[in-house]
1. Using the structure shown, decide if Phe229 is touching a Lys or Arg at 6+ places or on another chain (Cβ under 6 Å) and either within 23 Å of Phe17 (Cβ to Cβ) or modelled with pLDDT of 95 or more (or both).
2. Tell me which residues, restricted to segment 102-118, are in contact with a helix residue (DSSP H, G or I) (Cβ under 8 Å, 6 or more places away or on another chain) and either closer than 21 Å to Ala249 by Cα or surrounded by fewer than 20 Cβ atoms within 10 Å (Cβ to Cβ) (or both).
3. Scan segment 173-182 and give yes if some residue there is at pLDDT below 95 and among the hydrophobic types (A, V, I, L, M, F, W, C), otherwise no.
4. Among the listed residues Gly221, Gly247, identify the single one that is touching a Ser or Thr at 6+ places or on another chain (Cβ under 9 Å), farther than 19 Å from Ile159 by Cβ and not charged (D, E, K, R).
5. Run down Ile263, Ile236 and say which single residue is under 18 Å from the mean Cα position of the chain (by Cα), crowded, with 19+ Cβ neighbours inside 10 Å and assigned to a loop (DSSP other than H, G, I, E, B).
6. Which of the following residues is more than 13 Å from the chain's Cα centre (by Cα) and assigned to a helix (DSSP H, G or I): Val180, Val217, Val193?
7. Give segment 141-158 a look and list any residue that's assigned to a helix (DSSP H, G or I), among the β-branched types (Val, Ile, Thr) and more than 11 Å from Val125 (Cα to Cα), or say none.
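The values are calculated or read from the model by the stated rules, or taken from the named source; none is laboratory data. Given the structure is predicted, the values throughout are model-derived calculations rather than measurements. Backbone-built Cβ (ideal geometry, glycine too); neighbour counts: all protein chains shown.
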Amino acid sequence: MSGGIKLLVYFIAAVAFSVIIAPLIIKLMSKLKAKQTVLGYVKQHEYKSGTPTMGGFIFLLPALVFSLVEFKALSIVAVAVTMGFCLLGFLDDFIKIRFSRNLGLKPYQKIIGQLGLSAAAGYFVYASGFIGGEIALPFTNATLNLSWGIIPFVMLVYIATTNSVNLTDGLDGLAGYTSVAYFLGFSLLIYLVYKDAVAAGDAQYAQQVLALGVFCVAILGGMLGYLIFNGFPAKIMMGDTGSLALGAACASVAVFLKNPLLILTSGIMFVWSSISVILQVSYFKLTKKRIFLMAPFHHHLEMKGLHESKIVTIYFVVSIVGAALTLIFARTV
């Protein structure tokens with residue numbers, strides 16, 4: 001079976017897998033009373049309180065199963081780090097549900113967990129013969145070897161990406177559709193890298209990249225299945241169980257492909273979510289005034305009167321353009 005056909009088969013299987021397990025997970029979370037508690041100041045979302053949460057398992061399980069089937073270093077470490085962030089998010093969600101509040105783990109507890117998992121990923125990147133501490137530079141054919149400096153750099157990438165995705169998960173389908181564009185772009189990029197490795201005669205690296213591609217298309221397919229149930233009005237939410245893991249998956253495919261800087265284009269709306277919060281907080285501290293009606297930016301648009309579905313469409317279109325830019329800027333060989 002050719003690499004391209006294998007990725008397509010895994011993609012279709014992931015969609016089917018997620019669609020099949022979604023009703024079961026929704027039913028299980030409802031039975032366990034794993035329901036969302038909405039922030040008190042987001043008045044327009046009060047009706048969503050009580051919606052089942054922890055729906056991230058719907059798209060994470062296909063990635064876990066199919067990565068184990070392939071069992072190559074890049075895919076196994078990618079799924080291990082992703083599931084580590086999933087566990088961190090699960091603990092956060094569990095505390096929220098157990099005590100019926102919207103605040104779970106304390107900030108310092110979250111950051112300690114994120115630092116530990118990110119450091120493990122960074123060390124793998126540093127020690128791995130497939131990556132070797134290198135990152136590709138967009139617009140050029142050059143790579144930059146950061147040596148041991150790759151470890152703190154990777155930690156920064158993971159923490160920034162996971163928290164950015166977490167901030168974007170504020171409307172029905174928003175983080176989901178944005179990540180579909182992200183993983184679509186990286187799935188195509190991974191296939192191009194795989195083809196280049198095959199053409200160069202580097203069979204071992206080609207198989208590693210293909211396995212990473214399986215992880216990527218499994219997340220993509222699982223997300224599409226999840227969105228059937230998460231699109232407005234959502235029957236289930238991903239929770240921090242899903243959003244932190246999703247951010248880790250986003251970081252993993254970019255970092256392990258030696259293209260972490262392309263997160264800035266493919267994940268442009270994730271980046272903008274964080275920037276909008278930073279701008280809002282910084283400007284308020286300086287002037288006691290606000291730039292946006294509410295941050296992150298999708299809440300500003302909501303306060304301006306745009307419907308959730310319209311906002312999701314805007315984010316998705318911009319993210320598709322970002323994914324296209326990723327393919328233009330990427331260095332594949």
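1. yes
2. Within segment 102-118, Asn102, Leu103, Leu105, Lys110, Ile111, Gly113, Gln114, Leu115, Leu117, Ser118 meet the criteria.
3. No, that holds for no residue.
4. Gly221
5. Residue meeting the stated conditions: Ile236.
6. Val193
7. Val157
Conditions tested, residue by residue: (1) crowded, with 21+ Cβ neighbours inside 10 Å; (2) more than 20 Å from the chain's Cα centre (by Cα).
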{"residue": "Met83", "(1), (2)": "no, no"}
{"residue": "Leu88", "(1), (2)": "yes, no"}
{"residue": "Ala121", "(1), (2)": "yes, no"}
{"residue": "Glu134", "(1), (2)": "no, yes"}
{"residue": "Ala160", "(1), (2)": "no, no"}
{"residue": "Val165", "(1), (2)": "yes, no"}
